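Scroll down for the structure; my scribbles are underneath it.
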Amino acid sequence: MGLIEAVYIFNERNNAIVTHTFTARPPPATTVLPLYLAHSEPRPSCIYLTGTNPPTLLFSMLQDGLLFLSPCSTDTEPLVVLEFLHRVADALEEFLGAPILASKIEANYDVIAQVLGEMCDGGLIGGTEANALRDVVDTPSWMGKLLGGVGLPGTSAGLNAGPTPFSGMGSGGSGSGSLAPTLSTAGSQIPWRRSNVRHTSNEMYVDIVETLSVTYAPSGRPLAAFANGSIAFTSKVSGVPDLLLSLRAGSGPGAEKVKRTMERPVFHPCVRLARWRDHAELSFVPPDGRFVLAGYDVDLLDPSASPLSAKAQDLNLPASIEIRTGLGATGSDFEVRLTISHRFNSGNGSTGTSSLLGPGSAAATSLSNNLGSRPSTLRGNSNEAKAPLLEDLTVSIPITSSVRNISDLRATKGEAHWSPGDTAVEWKISAKEAASISSAGCLLRCSLVGETEDEEVASSLSNGMQTSTYDYDDDEAKDYQSDSKTKTNDTDDTARDKKRSRQNAVLMPGSASLSFGVKGWLASGLKVDSLVIDTKRSKGLGEGVRPYKGVKYLTVSRKGIEVRC
């Protein structure tokens with residue numbers, strides 16, 4: 001496996017603010033940047049540069065407007081280098097705060113050098129867990145006071161002295177002095193958890209977030225439907241807690257149901273994989289603070305994995321849209337209908353099913369028995385089960401560049417906006433208005449004006465004044481001529497309307513997308529069944545300490561529901 005040769009960080013103006021070389025003699029930052037910018041956007045994360053000597057692989061990553069580059073002239077695994085760049089960004093966020101700004105980096109070069117030195121030594125990757133790097137990086141006095149004020153280790157000798165998991169691996173890994181065999185020494189042996197963790201209020205939170213991605217054919221049949229989920233865990237517990245998190249998938253009990261629902265799972269290194277394979281439970285010693293415990297995918301068209309519907313063709317989503325094009329006499333209008341499921345349009349929230357683990361559910365009973373004596377252990381729960389809250393409803397309809405104007409924009413609910421030069425019509429509906437939408441839904445209707453229609457109108461105006469003389473004096477001849485002219489005009493109008501309809505067909509949108517957020521509902525049907533602390537394995541928690549625990553569910557769709565037409 002190859003080595004990490006260097007890391008370059010550039011600001012928004014493409015000025016190098018960090019150039020850290022680990023090994024070998026990689027091309028300098030001033031050489032690789034023009035070669036990287038020479039590629040057209042979107043630039044790939046791995047580029048082979050033949051203009052350097054020797055030829056070099058250039059790995060890149062963008063975060064918070066900053067460009068991270070890492071050149072490598074030897075054969076290496078691309079995912080290793082890319083993952084290392086992501087770990088560098090996570091470590092900078094840990095010490096400098098999010099978002100990562102160029103001004104923060106320029107003001108803390110000494111801290112950045114220590115962090116990079118600990119993460120990679122001589123090209124070999126060392127300790128990359130941002131949580132554990134706090135023990136070995138010597139922060140300034142003001143940063144040490146800030147970290148110490150929020151329960152993190154400062155720069156005092158009593159906290160930083162003694163051996164660490166990364167001793168001798170980097171420039172700041174060696175420590176002097178000795179510590180008696182205490183809990184902090186045992187805790188420092190866990191790579192992802194810092195030593196000597198102390199919190200005045202012990203809390204743990206589980207946040208399960210799922211992102212929907214659904215595509216419908218013009219016939220209304222779903223072509224693909226997936227939910228990408230992540231389990232975020234926040235641990236603010238003293239000592240070294242050993243936790244067990246049990247999940248439940250819909251109404252089907254058993255580990256196999258959970259495994260079928262969570263396809264292609266990925267886990268934080270703290271998770272014991274053997275426990276997951278045998279019982280589909282997450283047993284782990286968490287890092288201190290917030291981290292991603294697991295990620296997974298759900299195929300919503302698989303009836304055995306998704307609880308949305310027994311039929312794969314009938315997805316019961318919180319909201320749906322229908323689009324009709326080519327309306328009106330000349331086919332210049334289109335309309336979008338938005339409908340909301342009856343479970344999500346309850347204004348008072350007293351009806352409908354809830355995924356917040358209401359007090360009457362079996363999962364809530366099991367979880368409350370394992371969360372402690374506090375009655376309000378689930379964030380968002382109240383004395384009665386409430387319907388999930390639908391928020392941030394936005395419908396986006398792409399508009400082609402041939403459209404010069406929208407002459408009429410009407411919405412029965414919410415506000416619709418479009419200006420010349422915009423690429424889409426944005427229709428936004430507030431949560432209060434969404435709660436009052438009837439079962440018939442609400443409508444948005446638009447009339448499009450294109451270049452071809454304006455040219456047709458201009459042509460008709462320029463050729464509209466014509467004179468004709470007739471030699472017929474009798475009334476019968478005049479009536480005959482009048483009827484013939486009327487029939488001719490009707491035929492011309494019909495032909496003109498058909499021609500305009502054909503011209504307006506190219507102005508019609510080809511799709512529409514829906515965005516929303518739902519609190520208290522998951523498309524996969526996953527729920528937290530229990531969260532317990534193994535007191536026999538845990539250390540340093542203290543006698544009689546029962547941490548406060550909470551659970552929250554969130555489903556989001558950022559233009560993830562697409563309807564084609």
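Residue by residue, here is whether (1) at pLDDT 75 or above; (2) out of contact with any strand residue (DSSP E or B) (no Cβ under 7 Å at 6 or more places or on another chain); (3) not assigned by TED's automatic domain parsing to the domain that holds ARG87 holds:
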site: GLU106; (1), (2), (3): yes, no, no
site: VAL111; (1), (2), (3): yes, yes, no
site: GLN114; (1), (2), (3): yes, yes, no
site: THR128; (1), (2), (3): yes, yes, no
site: ASP138; (1), (2), (3): yes, yes, no
site: THR155; (1), (2), (3): no, yes, no
site: ALA161; (1), (2), (3): no, yes, no
site: PHE166; (1), (2), (3): no, yes, no
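Note on region 85-139: residues that are among the polar types (S, T, N, Q), in a helix (DSSP H, G or I) and under 25 Å from CYS46 (Cα atoms) amount to 0. Set side by side, the residues LEU531, LEU514, LEU522 differ, and just one is part of a loop (DSSP other than H, G, I, E, B), touching a residue at least 60 places away in the same chain (Cβ under 8 Å) and aliphatic (A, V, I, L, M), which is LEU522. Anything in region 390-407 that is free of Cβ contacts under 8 Å to residues at least 60 places away in the same chain and in a strand (DSSP E or B)? List them, or say none. Residues satisfying the conditions are ARG404, ASN405, ILE406, SER407.
Note on region 246-287: residues that are touching a His at 6+ places or on another chain (Cβ under 8 Å) and aliphatic (A, V, I, L, M) total 1.
I need the full set of residues from region 65-87 which are more than 18 Å from ALA24 (Cβ to Cβ) and in contact with a Leu (Cβ under 7 Å, 6 or more places away or on another chain), in order please. PHE68 - this is the single residue of region 65-87 that is more than 18 Å from ALA24 (Cβ to Cβ) and in contact with a Leu (Cβ under 7 Å, 6 or more places away or on another chain).
Look at (1) touching a Lys or Arg at 6+ places or on another chain (Cβ under 9 Å); (2) touching a residue at least 24 places away in the same chain (Cβ under 8 Å); (3) not basic (Lys, Arg) and you find that GLY97 fails only one, number (2). Within region 22-39, is there a residue that is under 30 Å from ARG193 (Cβ atoms) and either modelled with pLDDT of 95 or more or assigned to a loop (DSSP other than H, G, I, E, B) (or both)? Within region 22-39, one or more residues are under 30 Å from ARG193 (Cβ atoms) and either modelled with pLDDT of 95 or more or assigned to a loop (DSSP other than H, G, I, E, B) (or both).
Among the numbered conditions (1) surrounded by 19 or more Cβ atoms within 10 Å (Cβ to Cβ); (2) over 22 Å from SER557 (Cα atoms), the only one that ILE231 does not meet is (2). When the residues of region 260-296 are filtered to those that are among the hydrophobic types (A, V, I, L, M, F, W, C) and free of Cβ contacts under 8 Å to residues at least 12 places away in the same chain, which remaining residue is surrounded by the most Cβ atoms within 10 Å (Cβ to Cβ)? If we take residues in region 260-296 being among the hydrophobic types (A, V, I, L, M, F, W, C) and free of Cβ contacts under 8 Å to residues at least 12 places away in the same chain, then TRP276 is surrounded by the most Cβ atoms within 10 Å (Cβ to Cβ). Of the set (1) part of a helix (DSSP H, G or I); (2) free of Cβ contacts under 8 Å to residues at least 24 places away in the same chain, all apply to PRO54 but (1).
Which ones in region 414-439 are among the charged types (D, E, K, R) and either part of a strand (DSSP E or B) or over 17 Å from SER513 (Cα atoms) (or both)?
Step one: list which residues in region 414-439 are among the charged types (D, E, K, R), which gives 415, 422, 426, 428, 432-433.
Across region 414-439, the qualifying residues are GLU415, GLU426, LYS428, LYS432, GLU433.
Of the residues LYS257, LYS236, which is without any contact (Cβ under 8 Å) to a residue 24 or more places away in the chain, on the phi < 0 side of the Ramachandran plot and buried (at least 20 other Cβ atoms within 10 Å of the Cβ)? Of the residues listed, the single one that is without any contact (Cβ under 8 Å) to a residue 24 or more places away in the chain, on the phi < 0 side of the Ramachandran plot and buried (at least 20 other Cβ atoms within 10 Å of the Cβ) is LYS257.
Here's a check for you: in region 307-329, which residue that is in a loop (DSSP other than H, G, I, E, B) and among the hydrophobic types (A, V, I, L, M, F, W, C) is modelled with the highest pLDDT? Result: LEU317.
Conditions tested, residue by residue: (1) in contact with a Phe, Trp or Tyr (Cβ under 8 Å, 6 or more places away or on another chain); (2) surrounded by fewer than 19 Cβ atoms within 10 Å (Cβ to Cβ); (3) acidic (Asp, Glu).
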position	(1), (2), (3)
TYR8	yes, no, no
ILE17	yes, yes, no
LEU58	yes, no, no
LEU69	yes, no, no
GLU77	no, yes, yes
VAL80	no, yes, no
PHE84	no, no, no
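The values are calculated or read from the model by the stated rules, or taken from the named source; none is laboratory data. Just so you know, these numbers come straight off a predicted model, no measurement behind them. All Cβ positions, glycine included, derive from the backbone under ideal geometry; neighbour counts span all protein chains shown.
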